[in-house]
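The values are calculated or read from the model by the stated rules, or taken from the named source; none is laboratory data. On a predicted model such as this, the values are computed, not experimentally measured, just so you know. All Cβ positions, even for glycine, are placed from backbone atoms using ideal geometry, and neighbour counts span all protein chains on display.
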Amino acid sequence: MNKRKFFNLLISLLMVLSIFVGPINALAQEAPAGAEPATAAPAVASESSTSDNAGGVAAPASPSENQPAANPEAAATSASQAAQLVSTEFLINNNPVVDGAKYGEGKFYIKPTYQIPDSATVKNGDTFVYQVPAQLAVEKTEPREIKAANGKTVATLTTDPTSNTATITITNEDYYRFMNESRTVSALFTAVWAESVAVDETVTMTLPGAGSYTLTRIVPMEDSTGYFKWGVQDKDDPSMIRWQVLVNRLAAKDVTGVSIADTIPEGQELVGEVTGYYFTEWGKEEGHPALDSAGVKVTDKNHFTVTPENGDLSGRGLYLRYSTKLTSPVDNATKKVFNSIVVKTAKEVHNVDGFAPLTTTEGGASASRSDEVIFKVTKKLDGRALKAGEFQFQLINTADNSVVQTVSNDAQGNVTFAKVKFSQAGDFVYKIKEVNNAVPGVTYDEAELTANVKVVDENGEKKATVTYDQAQFANSYKAAKTSQEIVVKKQLEGRALKADEFEFQLQDAQGKVLQTVKNAQDGTVKFASVEFEQAGTYNYKVVEKAGSDETVT
């Protein structure tokens, strides 16, 4: 008998099936239909400090990286070259100058304002020179410090009658380097009529930043009562005020019982003598009898009286002159010093108010600095490890519901948006929401996180704080069930294989028999599908059971 050798190639088959059940390519089942983004749990608060508008009307903020990048060439431009004269206030005796008007010997106040572009580099020594028109004469003053709203000195103002200019010189470049937006500097100085402009002459002048004016120089005697007082600040000694008084300028008849009382206000004191003369027609070339000093009674440095001859001014007027010295600072808001007299006659009382406009220099600087907020939240995923970039989040400005930015998480779950700039004071509300990008097995949080930004203005510097109503987004992950068929092949040498001739066992890693099946006629050994609910690596053994056929090895 021919001996047949049957070789069983698969007596004991050890199979290792590595089945990775992943969120994308290892799952047959998608996330449940209709699943929405998940509820956002508390968000990690990120503190950061910030209107343009002092009134708190703020414009929507925009991401800082979306701001135009500074041009390197523009950044190198000096403030002296780049600054623009944006406006000039033009006043007389602290009132707006009116085109076509007539003005006497008052003080013209000129206040130019320069705008420094954000791109310009401000350096100590940068200058802004204002040229006063020839019809006016700038007054000489001592250099004046120009201060910002925070009290820091940023520049100096000097005036030069020779060149008829006023010059602002930057002295604090650090201020403008830090306060790097909406930068301005302004200065106020005084001018008077130029000697070249005659009384009653009409001239046209152009002031840079203010425009063209046609004005007439006059002697300021436009009163209707005949009682008038005015003062002029001494050109060489600004602390001295030269007062002038006209009593009965119209030379009215029957003006008797005249007495004049002057109470010099606090902050001034009488200096020198009170003098004057009589006239029959003001401005007429005639002999002017002098006021007798016996009619002047000085009580102290703040009080004196004048009594004309016999108290009679019928048909004539009286012109008085005297000086006061400023002994304390005056009100810089009005830019005037005041002095009044009381003139009593037999028939009436005249309260005559006078003032002297002052030579004034002052200035101011303004600038702002935006603050930037970095919105940060965290992402938590229950059920498996989080992957970098697999979830997306939107930052939404609730003012117009616009999506400001869209970013992804990192591997640690941090969600960090790019900087958002705030240039105006106010309260701002942003929403942060997760985008449902349908990652298989993930249940999304549906809630929107709220971020409240409060921006305050501290002398132009914006400071912002942000608070969140939640601390993190929390999603959950559960892998969908999947299954895997385990199939092996049985080969028999020496004769044809018969169906169901051999038995095979499927065992787990611990040797537990899970299934027992027989071969098909073609040698296929197929086990029922094995289901998997968790991601991982699974090890199985396929073992052939020993048979009773002695011809089979």
- Task: Report yes if some residue within segment 235-250 is part of a loop (DSSP other than H, G, I, E, B), buried (at least 19 other Cβ atoms within 10 Å of the Cβ) and in the same structural domain as HIS350 (by TED's automatic domain parsing); otherwise report no.
- Result: yes
- Are there any pairs with C-beta distances below 7 angstrom linking a residue in segment 327-342 that is within 29 Å of GLY226 (Cβ to Cβ) to a residue that is surrounded by 16 or more Cβ atoms within 10 Å (Cβ to Cβ) and acidic (Asp, Glu), with the two at least 6 apart or on different chains, and if so which? ILE341/ASP262
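Which of the strands (runs of 3 or more DSSP E) contained wholly in segment 334-383 include at least 2 residues that are under 30 Å from ALA261 (Cβ atoms), assigned by TED's automatic domain parsing to the domain that holds ASP237 and not hydrophobic (A, V, I, L, M, F, W, C)? Step through it out loud before you land on a result.
Numbers: elements: 336-344, 349-357, 362-368, 371-373, 376-382.
The qualifying strands (runs of 3 or more DSSP E) are 336-344, 349-357.
Please specify each residue of segment 308-327 satisfying the condition of being hydroxyl-bearing (Ser, Thr, Tyr) and part of a loop (DSSP other than H, G, I, E, B). Spell out how you get there, then give the answer.
Here is the first cut: in segment 308-327, the ones hydroxyl-bearing (Ser, Thr, Tyr) are 314, 319, 322-324, 327.
Of everything in segment 308-327, those that are hydroxyl-bearing (Ser, Thr, Tyr) and part of a loop (DSSP other than H, G, I, E, B) turn out to be SER314, THR327.
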- Query: Can you name the residue in segment 251-268 that is assigned to a loop (DSSP other than H, G, I, E, B) and β-branched (Val, Ile, Thr) and, of all such residues, is surrounded by the most Cβ atoms within 10 Å (Cβ to Cβ)?
  - Reply: VAL255
- Message: Checking ASP382 against (1) exposed (fewer than 15 other Cβ atoms within 10 Å of the Cβ); (2) closer than 30 Å to GLN268 by Cα, only one condition comes out false. Which one?
- Response: (2)
- Task: Return the residue satisfying two criteria in turn: it lies in segment 502-541 and is modelled with pLDDT of 90 or more and either charged (D, E, K, R) or in the same structural domain as LEU386 (by TED's automatic domain parsing) (or both), and of such residues it is surrounded by the most Cβ atoms within 10 Å (Cβ to Cβ).
- Result: LYS541
- Looking at segment 101-213, what strands (runs of 3 or more DSSP E) fall wholly within it and have at least 3 residues that are under 27 Å from VAL232 (Cα atoms)? 108-116, 136-138, 144-148, 153-160, 165-170, 181-193, 202-207
- Item | Those residues of segment 102-123 which are more than 18 Å from the chain's Cα centre (by Cα) and under 15 Å from ARG177 (Cα atoms), in sequence order | THR121, VAL122, LYS123
- Message: Any residue at all in segment 459-472 that's out of contact with any strand residue (DSSP E or B) (no Cβ under 6 Å at 6 or more places or on another chain) and outside any loop (DSSP other than H, G, I, E, B)?
- Response: no
- Note on the structure: Going through segment 274-307 in order, the residues found to be hydroxyl-bearing (Ser, Thr, Tyr), surrounded by 13 or more Cβ atoms within 10 Å (Cβ to Cβ) and part of a strand (DSSP E or B) are THR275, TYR277, TYR278, THR305
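Tally the residues that are aliphatic (A, V, I, L, M) and modelled with pLDDT of 85 or more, restricting the search to segment 458-491.
Number of matching residues: 5.
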- Item | Single unsatisfied condition, VAL192 versus (1) surrounded by fewer than 15 Cβ atoms within 10 Å (Cβ to Cβ); (2) hydrophobic (A, V, I, L, M, F, W, C); (3) within 15 Å of GLN135 (Cα to Cα) | (1)
